[in-house]
Amino acid sequence: MKPSQQVTRRRFLATSIAASAAVLLSGCGFRLRGLDSMPRLPALSIEGDDKSALAQQLRIRLLQQSTEVSDGAPWRVTLGSPALRQRRIGSEGRASQEHELTLSTSLSVQQRENNAYVLNNATVTTSTRIRVSDDDLLNRETLFQEAEQTLTRQLAERIIERLANLEAIQ
């Protein structure tokens with residue numbers, strides 16, 4: 001009777017250790033992504049296509065991160081016009097089609113005092129896929145608009161990540 005208790009005890013200990021490890025490791029991911037994940041950016045000036053939805057979204061995101069955005073800032077961020085490309089995926093005869101939407105823009109970062117480029121005409125891109133029914137035209141337009149708004153937010157985040165990874169502006 002004693003050997004069966006040891007097996008149960010071993011099984012209990014092994015299960016407890018595995019569960020504890022799983023809980024601890026799952027918490028690590030939240031900690032790693034949490035505090036101070038983005039370094040503070042210096043004051044920036046948004047130039048180029050600064051009236052686009054992307055430029056407005058970028059400005060909002062930068063301000064949310066306490067980054068000063070002003071016309072005379074020491075660093076110029078020049079945005080190209082965002083380009084949205086749409087590509088159908090799959091065969092033509094179906095009632096619903098899958099579409100791949102890709103939003104991209106060019107990005108340059110320049111120091112104002114000496115006009116030195118830290119980043120010159122780099123392309124930043126994000127994409128998504130949506131399934132759209134060809135029969136429902138109203139819903140189709142709404143899905144495309146929502147996807148474009150989501151891509152704009154994602155592209156603004158990608159630009160901020162790119163800026164944060166530039167050592168020269170830190």
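THR67 passes all but one of (1) out of contact with any Pro (no Cβ under 6 Å at 6 or more places or on another chain); (2) surrounded by 11 or more Cβ atoms within 10 Å (Cβ to Cβ); (3) assigned to a strand (DSSP E or B); which number fails?
(3)
Within segment 80-97, count every residue that is free of Cβ contacts under 8 Å to residues at least 60 places away in the same chain, closer than 19 Å to SER52 by Cβ and either hydroxyl-bearing (Ser, Thr, Tyr) or surrounded by 13 or more Cβ atoms within 10 Å (Cβ to Cβ) (or both).
Within segment 80-97, residues that are free of Cβ contacts under 8 Å to residues at least 60 places away in the same chain, closer than 19 Å to SER52 by Cβ and either hydroxyl-bearing (Ser, Thr, Tyr) or surrounded by 13 or more Cβ atoms within 10 Å (Cβ to Cβ) (or both) number 2.
Can you go through ASN120, ASN139, ASN115 and tell me which one is in the same structural domain as THR78 (by TED's automatic domain parsing), part of a loop (DSSP other than H, G, I, E, B) and either closer than 21 Å to ALA43 by Cβ or among the polar types (S, T, N, Q) (or both)?
Result of the check over ASN120, ASN139, ASN115: ASN115.
Please verify whether segment 98-105 includes one or more residues that are of a type in the set (Val, Ile, Thr), part of a helix (DSSP H, G or I) and assigned by TED's automatic domain parsing to the domain that holds SER45.
For segment 98-105, residues of a type in the set (Val, Ile, Thr), part of a helix (DSSP H, G or I) and assigned by TED's automatic domain parsing to the domain that holds SER45: absent.
Would you mention how many residues in segment 96-125 are closer than 22 Å to LEU151 by Cα and not aliphatic (A, V, I, L, M)?
Within segment 96-125, residues that are closer than 22 Å to LEU151 by Cα and not aliphatic (A, V, I, L, M) number 13.
Please list, ordered by first then second residue, the pairs with beta carbon atoms under 9 Å, 6 or more apart or interchain, first in segment 129-151 and farther than 20 Å from ARG85 by Cβ, second acidic (Asp, Glu) and assigned to a helix (DSSP H, G or I).
Qualifying pairs under 9 Å: none.
Of the residues that make up segment 10-17, is at least one under 29 Å from ALA168 (Cα atoms), outside any loop (DSSP other than H, G, I, E, B) and at pLDDT below 95?
No, because not a single residue in segment 10-17 is under 29 Å from ALA168 (Cα atoms), outside any loop (DSSP other than H, G, I, E, B) and at pLDDT below 95.
What number of residues in segment 58-76 are within 19 Å of LEU151 (Cβ to Cβ) and touching a Leu at 6+ places or on another chain (Cβ under 8 Å)?
Total meeting the criteria: 2.
Which one is surrounded by the most Cβ atoms within 10 Å (Cβ to Cβ) among residues in segment 150-170 that are over 9 Å from the mean Cα position of the chain (by Cα) and either at pLDDT 95 or above or assigned to a helix (DSSP H, G or I) (or both)?
LEU163
The values are calculated or read from the model by the stated rules, or taken from the named source; none is laboratory data. Computed from a prediction, not measured in an experiment: that's the story for all the values here. In this analysis, Cβ positions are derived from the backbone assuming ideal geometry, glycine residues included, and neighbour counts consider all displayed protein chains.
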